[in-house]
Amino acid sequence: MVTSAVLASLLDRLPIGVWVGRIPDGGVLYTNAALRELIGCDDAAFLAHGAAEGTGGRLRTRAGAPYPDAELPFPRALAGDAHVVVDDLVIDRPDGSRVDVRAVAQRAPDPAGGEHVVMALVDISAEMRAERERELAETHLRTAIDHAPIILFNMDSRGLVTLSEGAGLATLGLKPGEIVGHSIFEVFPEYPAVGDLASRGLAGESFRQVVELRGAAFECSAAPVRDDVGRVIGLTGVATDITERTRLEGRIAQTERLRAVATLAASVAHEINNPLAYVLAQLCEIGGELERLDASADAATPARLRRGLRDLRELLVPVRESAERVSAVARGLGNLAGQEPANDDALDVRRVVRSVVQLVSHQCARFARLTTDLQPTDPIAGREPRLGQLVFNLLSNAIEAVSDSAAGPHEIRVRTAMQGERVLLEVSDTGPGVPTELREQIFEPFVTTKTQRGGQGLGLFVSRKLARELGGELTLLDTPGRGATFRVDLPRTTAALPAEPELELPSGALQVLVIDDDIALGRVFKRSLLRAGYHARSVRGGQAALELLHKGAHVDLILCDLMMDGMSGSEFHSAIREQLPALEDRIVFMTGGAVPARERTVFRERGLAMVQKPFDVVAEVGRQLSLRASNAPG
């Protein structure tokens, strides 16, 4: 159950102002930080009654007049409105500034049996400025009628067109004046919405509405024309071609959705990896203990106990494999979120492909059989998240292609191979393929064959960009009548893949310090290292570690979590660099996946080591100590 303190903490982090008032007097029960910042002070009592009770009239309309008290959110909610929305509220701040606000209010029951009013306030000043700028832009456009993509139209009381001018007519395949004398109800019979709008206007209604017509979008603004006694004698208006604007708004919305998905993926990866690191470390501990018990069994040990030990060891194998599969999925999510390492690495293409295939295999199984032919390849140079995103995009494109295709057995095939000095990656599908007229355009932004599914035409454009960032090229192979095959041609690198060093450590007790604000994880890492023969200590947070090191504690290696409450990993590194520089090259950072841009910059500039959670702490410590021993002078 969420406590009141936790709820208050969450509300204080919201970017939306929250106000809770008591029924019926409007006494303030709660305000969050965003609300106080929005109104520019701590006293929020005026939000209940506006100009009443000596509050000084701080709530106004956009025209500057005091806002009618009865129309304010709290009185309306009090009067019984179920859901109150006020869009034209302006708040005068104590510093003289003003802020446009959208307020939403409704009654809410109190656990004690009473009721109060909850109100959310959002700063829409930017939205209002944008609206005013848009209106000004439209005014300017109307002054350039002869050159703008608009249609000016007039019609008489019967709906006969008396004027049709403007460059926008060409979008509809019409010429200026071509439909003059024709009834508007007969010009576009396949679009009854046009006749409906004309009827509304001729009935005396002014309107502004977007109409989709022959593949284009027009924003129509019209008003009835009246004679001296007020009778409607016609309709006049302007239709502005907003096709590109509508498409752009859709693309922006799609981009925002993609950004939100990437942010969610990063958060999910981080939240999975931290507890998963603990689970895998504990499984290693349990497995090691069972192995030791099994090895110590002798003829005097009951056969039933020996069998039980072997059975437990066997049962642990699929559990650990399943946890490692979850880890692979989390790494795939991290790749999609753009959590890139600081520098280019030598990458094993097949390993990245396997990781992404595992990520999409469940989705693919609904539509097609997913097969792989992963021949050995030389490594390539690049950043794993970019290659992972490229593979994911191509597989997603293939899944969409077969899901749109006719029923029947479908196949998606992923292939890797060498061709001379080049590394090839191919993704094929048995979908409908790419129309001939689009083969050269398919890689351009916003070109899509998935019009029925609402495709935005960004996947292949982004994929080609990613391929070129990796030094390669993405092309569509000629496979007429046999679906589509996209090939990524990448340059090999002479750099070797990271090799596991020989674990021949220097003799003597080696000291390892584990720094993590997750106490349970720190303890299990410490226990695993102690069992492996290391001297290990764990502390919670960077500040505690600094205090320990300043007391002269010797360490051969420091495992430090990157994202911690209080002092972050990069801040700890900066402190070590300034205060205890001899320890700087002994730090290895751990991360659950979410690496902010600031930390990535620090890594890039300082060449720091980082390991992705979850990992085998004993093996990783051995690897890191061996690397440092092999790189030591002499």
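The values are calculated or read from the model by the stated rules, or taken from the named source; none is laboratory data. Here the structure is a predicted model, which is why all the values come from computation and not from measurement. Cβ: placed from backbone, ideal geometry, glycine included. Neighbour counts: every protein chain shown.
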Does any residue in the stretch 478-491 that is under 13 Å from V427 (Cα atoms) come within less than 6 Å, Cβ to Cβ, of a residue that is surrounded by fewer than 18 Cβ atoms within 10 Å (Cβ to Cβ) and modelled with pLDDT under 85 six or more places away or on a different chain, and which pairs are these?
-> T485/T479
What number goes with the only condition from (1) under 35 Å from the mean Cα position of the chain (by Cα); (2) buried (at least 17 other Cβ atoms within 10 Å of the Cβ) that G201 does not pass?
-> (1)
Single residue of A103, A82 found to be within 29 Å of the chain's Cα centre (by Cα), in the same structural domain as D25 (by TED's automatic domain parsing) and touching a residue at least 24 places away in the same chain (Cβ under 8 Å) = A103
Looking only at residues in the stretch 540-576 that are over 33 Å from the mean Cα position of the chain (by Cα) and not aliphatic (A, V, I, L, M), which one is nearest to F603 (Cα to Cα)?
-> D556
If A239 satisfies every condition in (1) within 17 Å of L163 (Cβ to Cβ); (2) out of contact with any helix residue (DSSP H, G or I) (no Cβ under 7 Å at 6 or more places or on another chain); (3) surrounded by 12 or more Cβ atoms within 10 Å (Cβ to Cβ) but one, which is the exception?
-> (2)
Determine whether the stretch 159-182 contains at least one residue that is in contact with an Asp or Glu (Cβ under 7 Å, 6 or more places away or on another chain) and closer than 30 Å to H49 by Cβ.
-> no
Among strands (runs of 3 or more DSSP E) completely within the stretch 191-244, the ones holding 2 or more residues that are in the same structural domain as G159 (by TED's automatic domain parsing) and without any contact (Cβ under 8 Å) to a residue 40 or more places away in the chain are 207-213, 216-226
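Looking at A137, A148, which one is at pLDDT below 85, under 18 Å from I242 (Cβ atoms) and exposed (fewer than 12 other Cβ atoms within 10 Å of the Cβ)? Talk me through it step by step, then tell me what you get.
On the way: A148 fails: exposed (fewer than 12 other Cβ atoms within 10 Å of the Cβ).
Step by step, each of A137, A148 is checked, and only A137 is at pLDDT below 85, under 18 Å from I242 (Cβ atoms) and exposed (fewer than 12 other Cβ atoms within 10 Å of the Cβ).
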From the list G177, G204, G215, pick out the single residue that is modelled with pLDDT of 85 or more and at positive phi.
-> G204
So R492 clears everything in (1) in contact with a His (Cβ under 9 Å, 6 or more places away or on another chain); (2) at pLDDT 85 or above except one condition, right? Which one?
-> (1)
